[in-house]
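Dropping a structure here in structure tokens format, bear with me for questions.
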Amino acid sequence: MSNIINKSTNQEEIVLQVRKAIEHRATWMYLLMNEARKRGLDWDDFARSAIFQCGCIHGTRFQEDINDLSNLEEFSKTFVPEITKKVFEMEFLEVDKEKFYVDFHYCPLVNAWQKLDLSDDEIDHLCDIGMDGDRGIASQFPSFKFTLGHTIAQGYRSCQVRFNKIDIE
């Protein structure tokens, strides 16, 4: 029996459709990685690098929409469009020029992996690999530090995503 709690409260049709698309991608992500594992490849040997690179691409593109690349309030608006906020049931805890703290209260990726009857440990591992995309995005902003706190995949009721401004000398 899974210890992961991942309950949705938003049932808007557009939100449900976006979630289905994300779940579809999470399913094929797992299936691709599992086939690679069957062929002797370790997930951490290739998946982390690929997903981090994808995040770097997105981070570079985000820069085009942000005037002040050291302003976390501006970054938050690009990182989290309104539909994304609804899909992941995000709660903005603190947002200003120096901090961006957001909790995710639902995860369609976790939902997809639960539907595949994966173990809690596998889901936690997949989640952490998936977060390498966010780590890649953050890496394109040298004045930010990304921190991942606890996650839904670890059995908590939310994922804690934190960005802090750091001094660059």
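Restricting to the stretch 131-154, name every residue that is small (Gly, Ala, Ser) and either out of contact with any helix residue (DSSP H, G or I) (no Cβ under 8 Å at 6 or more places or on another chain) or over 17 Å from MET90 (Cα atoms) (or both).
Scanning the stretch 131-154 gives GLY133, GLY136, ALA138, SER139, SER143, GLY149.
Please enumerate the residues belonging to the stretch 91-106 that are within 15 Å of ASP134 (Cα to Cα) and not acidic (Asp, Glu).
Listed by number, the residues that qualify are PHE100, TYR101, VAL102, PHE104.
Search the stretch 44-74 for residues being buried (at least 16 other Cβ atoms within 10 Å of the Cβ) and of a type in the set (D, E, K, R), and hand back the single one that is nearest to the chain's Cα centre (by Cα).
The residue in question is ARG48.
Working only within the stretch 1-37, note down all residues that are out of contact with any Phe, Trp or Tyr (no Cβ under 7 Å at 6 or more places or on another chain), part of a helix (DSSP H, G or I) and charged (D, E, K, R).
GLU13, ARG19, LYS20, GLU23, ARG25, GLU35
How many residues are in a helix (DSSP H, G or I) and within 12 Å of the chain's Cα centre (by Cα) if we restrict to the stretch 133-153?
Total meeting the criteria: 8.
Moving on to the next point. For the stretch 122-132, indicate whether the set of residues that are part of a loop (DSSP other than H, G, I, E, B) and either touching a Phe, Trp or Tyr at 6+ places or on another chain (Cβ under 7 Å) or on the phi < 0 side of the Ramachandran plot (or both) is non-empty.
Yes, that holds for at least one residue.
Now for a separate question. Of the conditions (1) surrounded by fewer than 17 Cβ atoms within 10 Å (Cβ to Cβ); (2) outside any helix (DSSP H, G or I); (3) touching a residue at least 40 places away in the same chain (Cβ under 8 Å), ILE83 satisfies every one except a single condition; which number is it?
Among (1) surrounded by fewer than 17 Cβ atoms within 10 Å (Cβ to Cβ); (2) outside any helix (DSSP H, G or I); (3) touching a residue at least 40 places away in the same chain (Cβ under 8 Å), ILE83 violates only (2).
FYI, it's all coordinate maths here, none of it is from the lab. The model shown is predicted, which means the values in this text are computed figures rather than measured ones. A quick note on method: Cβ atoms are made from the backbone with ideal geometry, for glycine too, and the neighbour counts reach across all protein chains shown.
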